[in-house]
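Q: Below is a structure I'd like to ask you about.
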Amino acid sequence: MFNSSLKKEALRIHDDTLKRYNVSYEKMSDACKKLYVIRSDSVNLIKLVEQVINSIVNTPKEFDTQLGKVGKELTKFRETEEYAKEAYNASVKAGMNIVGGAATGIGMASMAPTALMSIATTFGTATTGTAISALSGAAAQKAAVAWIGRTFAGFAVKGGAGMAVGEAFLALAGPIGWGITAASTGISLISLTNKNKEIADDAVRESKEIFKAREALDETTEKVNALKIKTEMLYSDMNKQRNRITGFMNVDYLSLEEKDRYFLGTLVNNTLSLSVLLNETVE
């Protein structure tokens, strides 16, 4: 009666779609965190290799060239982390809590800095060159939201970029609670009938958007996991040689046997490959 059954079914579908979306979001978030962990471990291993190679005298010039490239990749990774920290701090300081439409956005304070760094290093910062730390107040908040928008526009929100997308993402980021409100009891029966249908239509329309967002999240999670596996394989192969690597500390390259020189050459090449993987992003 009064379209109440229509509204009830639409809200049931909406609730089920939302729960599935939140599960997908958690899987994507967890994948990003795991990728960030292996990348952080890789940074430590890369620094160890740098330390060892730099301690060796009479190394080939190509070692210096390769390590120079490695250094640039490490710097880029650190800059991405730093930008994410700045975005987080600026957002929290500005009291960011975006609310859009029927979706209530999460406050940035509910997202840990490391979680945001894992997101930033996975998808890239797409910075404009202006450090958030150089801004303050509303300007810092706007820059932070715009960065989040550029970062997530590719999978969480379709079409557009910048400030509007940043706000939309914060309204979409999960786990979320999408607000489909019940009709007031103090209205006419005709109005109630119309209101119930309106709520049902809104619920169905919103469910479709959530479903599309979930599909995008699932696709993204697969890409993140593939990148994590690729990074883990190279890291694991190199880490197994940790004791052998440290054994070359302060040696003379010219005194080494051919097999040891070959090992060091391969080690430097693999270190460069691992450093490049630090900054490979998911699109």
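What follows is calculated from the coordinates using simple rules that are stated; it is not laboratory data. These numbers come from a predicted model, not from an experiment. Cβ coordinates were reconstructed from backbone atoms using ideal geometry, including for glycine residues, and neighbour counts include every protein chain displayed.
Q: Contour minus end-to-end for R242 and Q51, with contour as 0.36 nm per residue of separation and end-to-end as the Cα-Cα distance?
A: So the chain would gain 67.5 nm between R242 and Q51.
Q: K230 to E9: FRET efficiency via 1/(1 + (r/R0)^6), r the Cβ-Cβ distance, R0 35 Å, to the nearest 0.05? Write out the running numbers ahead of the final one.
A: On the way: r = 45 Å, r/R0 = 1.28.
Computed FRET efficiency for K230 and E9 comes out at 0.20.
Q: Longer than 25 Å from Cα to Cα, which of K27/K69; K61/K228; K27/K76; K27/K208 are they? Say none if no pair is. Working shown, then result.
A: Details: K27/K69 33 Å; K61/K228 32 Å; K27/K76 27 Å; K27/K208 20 Å.
Checking Cα-Cα distances, K27/K69; K61/K228; K27/K76 exceed 25 Å.
Q: To the nearest 0.05, what FRET efficiency results for F211 and V276 with a Förster distance of 35 Å applied to their C-beta separation? The partial results should precede the final answer.
A: Working: r = 36 Å, r/R0 = 1.02.
E between F211 and V276, to the nearest 0.05, is 0.45.
Q: Quick check on my link table: of K34/K240; K85/K223; K223/K259, which ones sit more than 29 Å apart, alpha carbon to alpha carbon?
A: Table pairs above 29 Å Cα-Cα are K223/K259.
Q: A further question follows. Work out how much length V204 to E82 would gain on full extension: take 0.36 nm times their residue separation and subtract the Cα-Cα distance, in nm to one decimal.
A: 39.9 nm
Q: To continue, here is another question. Where the centroid of each part is defined by its Cα atoms, how far is the stretch 69-84 from the stretch 1-57 in Å?
A: 21 Å
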